[in-house]
1. Tell me which residues, restricted to the stretch 1-52, are of a type in the set (D, E, K, R) and part of a strand (DSSP E or B).
2. Kindly establish whether Gly125 is free of Cβ contacts under 8 Å to residues at least 40 places away in the same chain and under 30 Å from Leu9 (Cα atoms).
3. Can you name the strands (runs of 3 or more DSSP E) wholly within the stretch 123-193 that have at least 1 residues being out of contact with any Ser or Thr (no Cβ under 6 Å at 6 or more places or on another chain) and exposed (fewer than 15 other Cβ atoms within 10 Å of the Cβ)?
4. Could we say that Asp168 is at pLDDT 95 or above and touching a strand residue (DSSP E or B) at 6+ places or on another chain (Cβ under 8 Å) here?
5. Within the bounds of the stretch 11-32, is there any residue that is of a type in the set (D, E, K, R), surrounded by fewer than 17 Cβ atoms within 10 Å (Cβ to Cβ) and more than 18 Å from Asp209 (Cβ to Cβ)?
6. Can you work out which of the residues in the stretch 111-122 that are in a loop (DSSP other than H, G, I, E, B) and not acidic (Asp, Glu) is nearest to Gly92 (Cα to Cα)?
7. Scan the stretch 218-246 for residues that are assigned to a helix (DSSP H, G or I) and either surrounded by 15 or more Cβ atoms within 10 Å (Cβ to Cβ) or among the charged types (D, E, K, R) (or both) and jot them down.
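The values are calculated or read from the model by the stated rules, or taken from the named source; none is laboratory data. Quick caveat, the model's predicted, so the values are computed rather than measured. Methodologically, a virtual Cβ is constructed for each residue, glycine included, from the backbone with ideal geometry; neighbour enumeration extends over all protein chains shown.
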Amino acid sequence: MTYCVGLRLKDGLVVLADTRTNAGVDNIATFCKLHVVEIPGERMICLATAGNLAVTQAVVNLVSEGFESLESGIMETLAKAPTMFRAAQIVGEAVRKVYEIHGEAMRAQHVGFDVALLLAGQIKGRSPRLFQVYSAGNFIEATEDTPFLQIGEHKYGKPILDRAARYDSELYDAIKLVLVSMDSTLRSNLTVGLPVDLLVYKKDALAVDIRRRIGEEDPYFRSLREQWSTALREAYLAIPRPDWAR
């Protein structure tokens, strides 16, 4: 399993993905699940993946190297998509193409076609956008009312986002928010693990601002985990007991 989260804010985009994959308790490995297509000055697109590793890698390869689209009849890649909406359509088509190739064989082996992706980025002359693509190839988009999307083991990291994520949140403050969301997931689910990959993108920069791998020994992340735990304990203790309790 995995956990990935993306925020679309007024000042840009923040995406965070873990790196753990596992096929049982004794077969754990680390794979990058955050992939970037960057043409400085022209576009920055990133793709975060969750689900069956073979499926997600096949989708990433298709949208990177190109495939003939049944819809347009031309070779499509994220590097050539004219808009982020078309980029989301291309990713959806790639998911369906992988299913067409491998779906029947996977069913025969009783393997589920499990894939979900976050697509975030900006193309010159357009606005930054964030999409979640499902295993059927359809997708939804983050909005000002709901500026975050999650894939994978999302339930542990969602409460802090529900309470604190706002479209007008400061871009660099959002780094703290996604890291707290990830820390909550790491503490509650062993199938999600360090290191994690962080990407920060400033609106209209058309190039990555921050791309950083954060591991167990990262001093900032260690401090954040400790301070968040302390703050939660102090807040819990500061709340008065109910007047009906003795």
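1. Once the filter is applied, which keeps residues that are of a type in the set (D, E, K, R) and part of a strand (DSSP E or B), the stretch 1-52 yields Arg8, Asp18, Arg20, Glu38, Arg43.
2. yes
3. By residue number, 139-141.
4. yes
5. Scanning the stretch 11-32, I find at least one residue that is of a type in the set (D, E, K, R), surrounded by fewer than 17 Cβ atoms within 10 Å (Cβ to Cβ) and more than 18 Å from Asp209 (Cβ to Cβ), so the answer is yes.
6. Going through the qualifying residues, I end up with Phe113.
7. Answer for the stretch 218-246, where residues must be assigned to a helix (DSSP H, G or I) and either surrounded by 15 or more Cβ atoms within 10 Å (Cβ to Cβ) or among the charged types (D, E, K, R) (or both): Phe221, Arg222, Leu224, Arg225, Glu226, Trp228, Arg233, Glu234.
Table: residues versus (1) touching a Leu at 6+ places or on another chain (Cβ under 8 Å); (2) touching a residue at least 40 places away in the same chain (Cβ under 8 Å); (3) under 24 Å from Ala207 (Cα atoms).
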position: Ala58; (1), (2), (3): no, yes, no
position: Val63; (1), (2), (3): yes, no, yes
position: Leu70; (1), (2), (3): no, no, no
position: Glu93; (1), (2), (3): yes, yes, no
position: Val98; (1), (2), (3): yes, yes, no
position: Leu130; (1), (2), (3): yes, yes, yes
